[in-house]
1. Quick one: which of Ala239, Ala254 is more than 18 Å from the chain's Cα centre (by Cα), surrounded by 17 or more Cβ atoms within 10 Å (Cβ to Cβ) and touching a residue at least 40 places away in the same chain (Cβ under 8 Å)?
2. Only helices (runs of 4 or more DSSP H) wholly contained in the stretch 42-145 count here; list those with 1 or more residues that are more than 16 Å from the chain's Cα centre (by Cα) and hydroxyl-bearing (Ser, Thr, Tyr).
3. So, in the stretch 264-316, of the ones that are over 22 Å from the mean Cα position of the chain (by Cα) and of a type in the set (S, T, N, Q), which residue ends up surrounded by the fewest Cβ atoms within 10 Å (Cβ to Cβ)?
4. Can Pro324 be described as open to solvent by 10 Å² or more (accessible area, probe 1.4 Å) and closer than 21 Å to Gly148 by Cβ?
5. What residue, among those in the stretch 220-236 that are among the hydrophobic types (A, V, I, L, M, F, W, C) and open to solvent by 20 Å² or more (accessible area, probe 1.4 Å), is nearest to Phe150 (Cα to Cα)?
6. Could you identify the single residue in Leu109, Leu91, Leu102 that is surrounded by 22 or more Cβ atoms within 10 Å (Cβ to Cβ) and among the hydrophobic types (A, V, I, L, M, F, W, C)?
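The values are calculated or read from the model by the stated rules, or taken from the named source; none is laboratory data. Note that this is a predicted model, so its numbers are computed, not measured. A quick note on method: Cβ atoms are made from the backbone with ideal geometry, for glycine too, and the neighbour counts reach across all protein chains shown. In case anyone asks, the SASA skips ligands and DNA or RNA and just uses the protein heavy atoms, side chains included. Shrake-Rupley method; radii C 1.70, N 1.55, O 1.52, S 1.80 Å.
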Amino acid sequence: MDATNMVRTGQRHRWAVAALFFMNGFLSGSWAPQIPVFLTRLGISEFTLGLLILLFGVGAVTAMPWSGYLMSRHGSQKVVRGFGIVAAFGLLGVALAPNVPLAAIAMFLFGGLIGGMDVAMNANAVAVERYMSRAIMSSSHAFWSLGGFFGGGAGGLIIQNYGHLTHAIGVTLIALVVLALCYRHVIADKAPATHEHHKFSLPKSPTVYLVGLMALFSMIPEGAVLDWAALYLQQERGADLATAGFAFGLFAGAMALMRFLGDAVRNRFGAVNTLRISSLIAAAGMLIAGLSSHPWLVIAAFALAGIGIANVVPIIFSAGGNQPGMASTTGMSVVTTMGYSGILLAPSAIGFTAEHTGGFSMIFVALSGLLVVVFLMGRLVHTADFDHGKPGE
């Protein structure tokens, strides 16, 4: 294959994996405006809703290792395609659930499908990076945020005017169309021919766990906005359903914009300075969102928080994968596991706390404090400043 055809093929693979990220983000974002309807339709308390959201996280955490195992046997192409086909129906299953037991099963499966697809599409993005010999991970995550923006932003309007079930059917169809367009262009990586077994041991260096704690403190606010912002705006700030749906949508949209710009910002200012500035911006956004009484000011504050969080998490992940004297996969596994527990599992605890403390306002204020802690720990991400000209190393 000549150089021109290789470039064209690489671009097709690159846009295919971008579409997969968009699809996953779109499905996740479309869940946010469904939450208030889900609560009233099943007649459940915020605590019960929190438990159901916890099942989403448990499903994702359960499926992630299985996705890795399947990829070790079949490669990321087949696995991401398989998870993608079934994940497209995940939200529809939740919307159709008529009672709490079936909703619990639907939430567990929905979380598992989203989580399994997430791991596989990230692995496929690495395969594209190797093929193209350049990094694409940051912008791939930007497409996830862009999908969340469209899913969350439009969802409230559609649900208010046409109902939650029509919305879920539309989301399913859009997801399937996106998958169909990129399906044959997903890069085929090679599954390992042999399987080597090594005794697993946790890293002894405390630094990687501190970096993981930074990831946790950065992703808890993201999970809180995804699962609770719409309900907060409706119940405590008097917003209608359509307005409330913009909370996560604009948060994700702001994240998408900054992630497209993230590599240039980080190259200009360095990982430590970028993280410190970004974490303070995110903390200010969460603080304003918790203290403001006007719905649109709250939404704008969530967007400000999205601008800040956008580049914090990729920098922390990069630092985790570049710990001195430690395999990149080992450091990355610790940091990502700790971080994703914040976005998948912590929101259930937030729902429980809100029900017993009288609301979400002070919770968002407290979450701004976590981001200040990330700012104070900023020096720990200095290992993220490595040679960006050597993708895959």
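1. Answer to the check: Ala239.
2. Working: elements: 46-74, 76-87, 90-96, 100-132.
By residue number, 46-74, 76-87, 100-132.
3. So, considering only residues that are over 22 Å from the mean Cα position of the chain (by Cα) and of a type in the set (S, T, N, Q), the one surrounded by the fewest Cβ atoms within 10 Å (Cβ to Cβ) is Ser293.
4. no
5. The residue in question is Leu226.
6. After applying the criteria, what remains is Leu91.
So that you can scan it fast, the table gives a plain yes or no per residue for (1) open to solvent by 10 Å² or more (accessible area, probe 1.4 Å); (2) of a type in the set (D, E, K, R); (3) over 22 Å from Ala349 (Cα atoms):
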residue: Gly10; (1), (2), (3): no, no, yes
residue: Arg14; (1), (2), (3): yes, yes, yes
residue: Leu20; (1), (2), (3): no, no, yes
residue: Ala32; (1), (2), (3): no, no, no
residue: Leu39; (1), (2), (3): yes, no, no
residue: Gly43; (1), (2), (3): yes, no, no
residue: Leu52; (1), (2), (3): no, no, no
